[in-house]
Amino acid sequence: MKTKRLSRRDFILNSTIGASALLLGPALSALALTKPDKRLGIALVGLGGYSSGQLAPALQHTKNCYLAGIVTGTPAKAKSWAAKYSIPQKNIYNYQNFDNIARNPDIDIIYVVLPVSMHKEYTIRAARAGKHVICEKPMALNAAECREMIAACKKANRLLSIGYRLHFEPHTLEVMRLGQKQVFGKVTKIDTGNGFTYNGDPNAWRLKKAMAGGGGLMDMGIYAIQGARYTLGQEPIAVKATQQKTRPQLFKEVDETVFWELKFAGGQKVTGKSSYNNDWSYLQVEAEKGNFELQPAYGYNGLNGKVNGKPMHIPNIIQQAAQMDDFATCVQLKKQSRVSGEEGLMDMKVVDAIYRSLDSGQWVNIV
């Protein structure tokens, strides 16, 4: 996951919480009903770029939850985070004593922010420890692992949510409304892409297939897959994909750039692409009587939208704060998150099918 610092614009939520609550509907409105002393404690597992650059700062602006604990294998990080965020020593764990978190009443929710290959293990261990779980995207290495994670959380009677922050972002919610409600008639065409030019550590975990599961498709493409699914409110039934690799020495184990076409029962033309070698972030939608788009469509630092060529004029929010507050509300109300484990499973079924199509060069069914 590419990490960017939160911009000043992202923090508009601080001064416009009322307007944002109206835009987001019940998800944020419910937060105002929660007393401050009833906030739920979140422990971040893995203190890499996303935790340090996005989640921890966002937790300083949440209304319904707070940063209660951390899990890290690096003592220096434990010390610096404890000082920066006033985390008591009893709420700091490593990967050897992680399961002791079961006896800590300060921690209600565990947010798994680890390499993809570790998502299944720590989601299951967190559920067995009696904690509700947020797992960062992509949910797991494949759909089979997703099913194991869902089953483990159900067995433990714990809620599972996937880190799909954009389901709480107002521009994205407007796209969902326009597409699913067919405001401009039936959607006829969707084109979407997400990616960035990777110039980081050539030995990073994201470039190791065993740890990441794949490359640009797993990391960035999952947003574009989501974009098509939530615009239509439907599930694709088949896919055909091709790929391109212009930097094979860097992307020896994982995909660099992938192109795909999704088939939906409604016959819409849906194309997507993902990359570790191109800076893309857009979602363009054509309908029978109009069009709408987001560009950027998937970034942390604010989205921009247009409807029939005119700006949406919707304020940006702190996406991760809205996401985590909503899940805390779900835990308190004992209701399923709109971005449950099943939502993550649906995306991984598509990803699995894209990889099968890359191997076969043919259309494959999504099962």
Residue among K63, K84 that alone is part of a helix (DSSP H, G or I), modelled with pLDDT of 95 or more and assigned by TED's automatic domain parsing to the domain that holds A129
K84
Please work out which residue is nearest to G163 (Cα to Cα), limiting yourself to the stretch 299-311 and to residues that are surrounded by 18 or more Cβ atoms within 10 Å (Cβ to Cβ) and in contact with a strand residue (DSSP E or B) (Cβ under 6 Å, 6 or more places away or on another chain).
G299
If you check A204 against the conditions, is it surrounded by 24 or more Cβ atoms within 10 Å (Cβ to Cβ) and either farther than 10 Å from Y276 by Cβ or of a type outside the set (G, A, S) (or both)?
no
Among G179, G195, which is crowded, with 22+ Cβ neighbours inside 10 Å, within 18 Å of K137 (Cα to Cα) and in the same structural domain as Y300 (by TED's automatic domain parsing)?
G195
Just one of (1) without any contact (Cβ under 8 Å) to a residue 24 or more places away in the chain; (2) in contact with a strand residue (DSSP E or B) (Cβ under 9 Å, 6 or more places away or on another chain); (3) aliphatic (A, V, I, L, M) trips up A152, so point out which.
(1)
Return the total of residues in the stretch 325-355 being in a helix (DSSP H, G or I) and either over 30 Å from E256 (Cβ atoms) or among the charged types (D, E, K, R) (or both).
14
I'd like to verify a number: residues in the stretch 278-329 that are among the small types (G, A, S), in the same structural domain as A238 (by TED's automatic domain parsing) and farther than 18 Å from Q226 by Cα, how many?
3
Looking for whichever is in the same structural domain as G216 (by TED's automatic domain parsing), crowded, with 18+ Cβ neighbours inside 10 Å and modelled with pLDDT of 95 or more here; the options are S275, S337. Which one fits?
S275
Out of everything in the stretch 99-147 that is among the hydroxyl-bearing types (S, T, Y) and part of a helix (DSSP H, G or I), what residue ends up being farthest from V350 (Cα to Cα)?
Y122
Condition (residue is within 21 Å of the chain's Cα centre (by Cα) and either farther than 25 Å from K120 by Cβ or not in a loop (DSSP other than H, G, I, E, B) (or both)) applied to the stretch 234-248: is it met by at least one residue?
yes
Can you tell me which condition F259 does not meet? The list is (1) in contact with a His (Cβ under 6 Å, 6 or more places away or on another chain); (2) assigned to a strand (DSSP E or B), and all the others hold.
(1)
Cβ contacts < 8 Å: first residue farther than 27 Å from E256 by Cβ, restricted to the stretch 276-290; second residue surrounded by 20 or more Cβ atoms within 10 Å (Cβ to Cβ), any location; separation 6+ or different chain. Result?
E286/V187; E286/I190; A287/L178; A287/G179; A287/V187
Across the stretch 197-216, the tally of residues that are touching a helix residue (DSSP H, G or I) at 6+ places or on another chain (Cβ under 7 Å), under 15 Å from D255 (Cβ atoms) and part of a helix (DSSP H, G or I) stands at 4
Looking at the stretch 65-83 only, could you name the residues that are touching a residue at least 24 places away in the same chain (Cβ under 8 Å) and loosely packed, with under 13 Cβ neighbours inside 10 Å?
T74
Would you pick out the residues in the stretch 282-298 that are assigned to a loop (DSSP other than H, G, I, E, B) and over 20 Å from G163 (Cα atoms)?
E288, K289, Q295
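The values are calculated or read from the model by the stated rules, or taken from the named source; none is laboratory data. What you are looking at is a predicted structure, and each value in this text was computed from that prediction instead of being measured. Because the Cβ atoms are built from the backbone with ideal geometry, glycine has one as well, and the counts that use them run over all protein chains shown.
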